[in-house]
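Peer 1: Sharing a structure, written as structure tokens. Questions coming.
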Amino acid sequence: MTFGAVFSRAMRPPFGPNTGGGGGAWWNLFGAIPLANCVAAYQPKGAANLAASYINLTGNATYNCAPVEVAPAWDVASGWKFTIAAIPNRTSLTTGVTAGSNYSAVVRFSNSTDTSANQAVFGNVTTNANFFLLLRTTPKHRHANGVNLVTTASAWPASGVFGLTPGAGYRDGLSDGTFVYSWTGTAVPMFIGCYSNAGSVTAPFTGYIQAFAVYNSDQAANMAALYIAMAAL
């Protein structure tokens, strides 16, 4: 499959598990990424309803989403709508997915609001097994995978497609900083709309999430194409 064919097919929205050509949809670039490498994918934007938005589009129901404390609001155009609230009413989702060595992820979000507090779009924080995208006032955002992380001083992002691979963070398909990869710990299942700190909701996110996918392999070579596919949803 050519790069151009991937981009053309990226314009087709998925409507359920394993839809689209080539044995998949945007989350595996319509067959360009092996199905076995996509652990979970969610597309709340365009879903039939909130319950449908929780379904893992790869077909593996083990990794369907569920609320941790309170379910986010949802609408068909914006996807999941997360807001910061007091314990125990923080909007957050669990996936059941535990990141491991060599994992990657990509997320599309919008309407992010800088509240001068740490906000995690997704992930887990665990000694030597971190896996997250964290928005911060100073520095502006931080990617972490394994032991190491990268921070950037660019403006707080209101929207975009952000990716994470074993060696770099990505913003709209381009590298957003690199790090020397090392993974020596054991992660816990990741959350969406915050990160999991030993299973506790931490650093909740204010904003909307339209799509999210996580992979058990290094997807650095596909970040540009995934950005185009997700931006087209």
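Peer 1: Can you pull out the residues in the range 104-121 that are in contact with a strand residue (DSSP E or B) (Cβ under 8 Å, 6 or more places away or on another chain) and more than 18 Å from residue 174 (Cβ to Cβ)?
Peer 2: Residues satisfying the conditions are 110, 111, 112, 113, 114, 118, 119, 120.
Peer 1: So, one more: Taking the condition within 21 Å of residue 27 (Cβ to Cβ) and either assigned to a strand (DSSP E or B) or of a type in the set (S, T, N, Q) (or both), does residue 154 pass?
Peer 2: No.
Peer 1: Among the hydrophobic types (A, V, I, L, M, F, W, C), modelled with pLDDT under 95 and more than 20 Å from residue 123 (Cα to Cα): which single residue out of 76, 70, 6 fits that description?
Peer 2: Exactly one residue qualifies, and that residue is 6.
Peer 1: Another question, then. Which residues, taken from the range 95-120, are touching a helix residue (DSSP H, G or I) at 6+ places or on another chain (Cβ under 6 Å), part of a strand (DSSP E or B) and not β-branched (Val, Ile, Thr)?
Peer 2: Within the range 95-120, 108 is the sole residue that qualifies.
Peer 1: So which of 204, 189 ends up being farther than 28 Å from residue 36 by Cβ and assigned to a loop (DSSP other than H, G, I, E, B)?
Peer 2: Numbers: 189 fails: farther than 28 Å from residue 36 by Cβ.
Exactly one of 204, 189 is farther than 28 Å from residue 36 by Cβ and assigned to a loop (DSSP other than H, G, I, E, B), namely 204.
Peer 1: A follow-up question, please. How about the range 152-202: which of its residues are polar (S, T, N, Q) and touching a Pro at 6+ places or on another chain (Cβ under 7 Å)?
Peer 2: 152, 196
Listed here are the residues, each with its yes/no results for (1) farther than 18 Å from residue 220 by Cβ; (2) buried (at least 24 other Cβ atoms within 10 Å of the Cβ).
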position	(1), (2)
94	yes, no
104	no, yes
114	yes, no
121	yes, yes
124	yes, yes
135	yes, yes
150	no, no
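Peer 1: Just one of the numbered conditions (1) without any contact (Cβ under 8 Å) to a residue 40 or more places away in the chain; (2) more than 24 Å from residue 228 (Cβ to Cβ) is not true of residue 141; which one?
Peer 2: (2)
Peer 1: Among the residues of the range 69-94, which ones are in a loop (DSSP other than H, G, I, E, B), without any contact (Cβ under 8 Å) to a residue 24 or more places away in the chain and among the acidic types (Asp, Glu)?
Peer 2: Hits for the range 69-94: nothing passes.
Peer 1: Continuing with this model, one more query. Could you list, in sequence order, the residues of the range 178-233 that are out of contact with any Leu (no Cβ under 9 Å at 6 or more places or on another chain), among the small types (Gly, Ala, Ser) and under 23 Å from residue 137 (Cβ atoms)?
Peer 2: Result: 196, 200.
Peer 1: Can you tell me how many residues within the range 144-162 are under 22 Å from residue 231 (Cα atoms) and either at pLDDT below 80 or not hydroxyl-bearing (Ser, Thr, Tyr) (or both)?
Peer 2: Number satisfying all stated conditions: 8.
The values are calculated or read from the model by the stated rules, or taken from the named source; none is laboratory data. Values in this document were obtained by computation on a predicted structure and should not be read as measured data. Ideal geometry is used to build each Cβ from the backbone, glycine not excepted, and the neighbour counts take in all protein chains shown.
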